[in-house]
């Protein structure tokens, strides 16, 4: 990576909001504001269904703390940006 890209990336990261440390239950509560409902639970994973179009299905681990990568993937699958998700929490 050249020096310009590295500087640009560091500057860009200053403006990206950090994801909170959040539990699976709190994530389910935030997503329920968007119309997701609990469909069923298999073990420690809660399966959510969106009742309106496009009928997305999300799997949220029911853990005390979700890892940042897992939370980022859930946000992406829900079709949200970080800012939109932070407003829901």
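Based on Cα contacts under 8 Å between residues 6+ apart, the range 20-88 shows a relative contact order of 32 percent. Using the Stokes-Einstein relation with a Kirkwood hydrodynamic radius computed over Cα pairs, the translational diffusion coefficient of the range 20-88 at 10 °C and a viscosity of 1.306 mPa s comes to 133 µm²/s.
Values quoted throughout were computed directly from the atomic coordinates according to the rules given, and no laboratory measurement underlies them. Computed from a predicted structure; not experimentally measured.
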